[in-house]
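Step one of this worksheet: look at the structure below.
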Amino acid sequence: MNKFFLTASAASIAVAASVGVAAAQSRDTIQIAGSSTVLPFASIVAEEFGNAFPEFKTPVVGSGGSSGGLRQFCGGVGENTIDIANASRRIRAGEIEACNAAGVKDIREVMIGYDGIVFATGADKEDFALEPVHVFKAIAAKVPVDGELVDNPYTTWNEVDESLPNQPIAVAIPASNHGTREVFEERVVHEGCENAGMPEMEEEALEAACLALRQDVVVEIAGDYTETLARLQANPDTIGVFGLSFYDQNRDSLKVATMSGVTPSLETIAAGEYPVSRPLFFYVKGEHVGVIPGIEEYVEFFLSDQMAGLGGALEGAGMIPAPAEETAEVLAAFREGKSLTAADLQ
């Protein structure tokens, strides 16, 4: 694949591979794909960007999940590849290496704010006060009973813990293509496994036991949160895993559970009190900056107070704004052309 490279100055383009540059210049619309959690935020910014900057076309924003978006992003350089990948988790070292191998060497990380992962039922259901160990014991393929690891015997939540409702266990979780899944596993499943009283075993076997899920009560959702909501509507006993922003937009039909005694909200996540939260990102292909019109302006507009700041449009849509000093550092790094490497993640 022909490659082209830009200097740190957005105005100058080194024609190291002139065919690739010419191809990229033939496209004049920013192409974005990735996280379903970031999708509504990016869509708001794209629409407002098109209104605020009539000299540029409105960016096209697609979904596909964090992993799917980064896979497209790392496909190479040129007009047939996307410019920006939205992600509800940080890019992995292996993904950076795949990018580099395909000629994408200038990867600029933009942290846009925070989101929380919530557990929600239908609005007419009983209240759930969950702990990570409750979730693990409800969905794990095998659980410890009297010191032995056995096939999961629980059928209702009150069998897991008598403080929970007498409701059949049914859980809709994000599939592995979603960044939400990684945070769900790290912050809920792993922590719950650690507190479940698992018997002694080799580290690899323990890791496998922690992550092995039941097939009878767990449904993995590869689509966006609307598919998870549809699952709750089809089976009212289902507890679904959502991003906080989606829950906020559907409060009339959903009831959120507490986690470790904390109710998820903009305030509890910004304060670091709610335990299941995460930063949100997008990644910019530096090789396309200055070639595809409007990328720099889009990034600056996204991080503006009007969009990502306190009281901005994205907070109104459910994103938790990052502190202003953090956002200023992120913007400065982008302007300076700071590129992320696999070593930065170690």
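Some observations on this one:
- Over the chain, Cα pairs under 8 Å with separation of 6+ residues give a relative contact order of 27 percent.
- To put it simply, the accessible area of region 257-306 at a 1.4 Å probe is 48 percent carbon and sulfur.
- With eigenvalues of the C-alpha gyration tensor scaled by 5 and rooted, the chain, Å: 40, 22, 17
- Within straight-line reach of K125, meaning a Cα separation under 21 Å, sit the following lysines at least 8 residues removed in sequence or on another chain: K137, K255.
- Here region 324-339 and region 86-142 have alpha carbon centers that stand 23 Å from each other.
- To put it simply, the accessible area of region 54-182 at a 1.4 Å probe is 47 percent carbon and sulfur.
- Using a simple spin-label model with pseudo-atoms 7 Å out from Cα toward Cβ, D344 and A129 lie 4.3 nm apart.
- Looking at region 250-346, the trypsin sites (Lys or Arg not before Pro) that sit in a DSSP loop and have at most 13 other Cβ atoms within 10 Å of their own Cβ are R251.
- For the pair V262 and A222, a Förster radius of 22 Å applied to the C-beta separation gives a FRET efficiency near 0.15, rounded to the nearest 0.05.
- Gap separating the Cα centres of region 229-263 and region 22-72, nearest whole Å: 28
- Range of Cα positions in region 109-235 per principal axis (Å), largest first: 41, 41, 23
- Span per principal axis, largest first, for the Cα atoms of region 243-312 (Å): 49, 24, 19
- Rg/Rh (Cα only; Kirkwood hydrodynamic radius) as it applies to region 220-346: 1.03
- Convex hull volume per residue, computed on the Cα atoms of region 76-150, equals 217 Å³.
- Its alpha carbons considered, region 272-346 gives a radius of gyration followed by a Dmax of 13.9, 43 Å.
- Taking label positions 7 Å along the Cα-Cβ direction at both V145 and E273, the computed distance is 3.8 nm, reported to one decimal.
- 10 Å Cβ shell holding at most 14 others, DSSP loop, GluC sites (Glu not before Pro): longest site-free stretch of the chain: 203-335
- Phi-based couplings in Hz for region 144-155 (Karplus 6.51, -1.76, 1.60; Gly and Pro marked x): x, 9, 6, x, 10, 8, 10, 4, 4, x, 7, 10
- As computed over region 21-174, the Cα convex hull volume per residue (Å³): 162
- Cα-based Rg of region 180-274 normalised by 2.2 N^0.38 Å, two decimals: 1.24
- Accessible solvent surface per residue of the chain, calculated while the other protein chains remain in place, 1.4 angstrom probe, Å²: 42
- Calculated FRET efficiency for the pair L310/A52, C-beta based, R₀ 25 Å, to 0.05: 0.80
The values are calculated or read from the model by the stated rules, or taken from the named source; none is laboratory data. All of these numbers come straight from a predicted model, not from anything done at the bench. Note that each Cβ is placed from the backbone with ideal geometry, even for glycine, and that neighbours are counted across all protein chains shown. We work out accessible area using only protein heavy atoms, side chains counted, and drop any ligands, DNA or RNA first. Shrake-Rupley method; radii C 1.70, N 1.55, O 1.52, S 1.80 Å.
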